Amino acid sequence: MADELKDIVLNYVTKEYLEDDSEPLTYETPLISGGIVDSFSMVSLKRFLENKYGIAIPDDEATPEAFDSVNKIVSLVQRFVAKKG
């Protein structure tokens, strides 16, 4: 699931937030601190992940730190998917 989830997040961020002439993203590209994803975009990304995986990510867990790379987002989502059971 992790590899598929990484690709889903990477593709979503690339499609929604990158310009066509931007450098390609990696799983470790800084998204928030790198200026690719802003706070409004982070909310829409959170909503996308919650709807796609049937989870609820509490606002206190949806921090800029937790959303700063594809790998960090995947770790966060996997925790809540596991709790869902």
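Here are a few things to note about the model shown:
- Out of 4, 16, sole residue that is under 15 Å from residue 73 (Cβ atoms), part of a helix (DSSP H, G or I), more than 12 Å from the chain's Cα centre (by Cα) and not hydroxyl-bearing (Ser, Thr, Tyr): 4
- Test: residue in segment 26-33 that is in a helix (DSSP H, G or I) and polar (S, T, N, Q): no
- Residue 22 satisfies every condition listed in (1) farther than 19 Å from residue 84 by Cα; (2) at pLDDT 95 or above except (2).
- Only one of the numbered conditions (1) surrounded by 18 or more Cβ atoms within 10 Å (Cβ to Cβ); (2) part of a loop (DSSP other than H, G, I, E, B); (3) at pLDDT 95 or above is not met by residue 45, and that is (2).
- Among the residues making up segment 40-85, those that are touching an Asp or Glu at 6+ places or on another chain (Cβ under 7 Å) and of a type in the set (A, V, I, L, M) are 56, 57, 76.
- If the condition is being more than 15 Å from residue 10 (Cβ to Cβ) and either surrounded by 11 or more Cβ atoms within 10 Å (Cβ to Cβ) or of a type in the set (Asp, Glu) (or both), then segment 57-75 contributes 57, 59, 60, 61, 62, 63, 64, 65, 66.
- Residue 50 vs. criteria modelled with pLDDT under 95 and either under 23 Å from residue 3 (Cβ atoms) or part of a helix (DSSP H, G or I) (or both): no
The values are calculated or read from the model by the stated rules, or taken from the named source; none is laboratory data. Please read all numbers here as calculations on a predicted model, not as lab measurements. Reconstructed Cβ throughout: ideal geometry from the backbone, glycine too, with neighbour counts over all protein chains shown.
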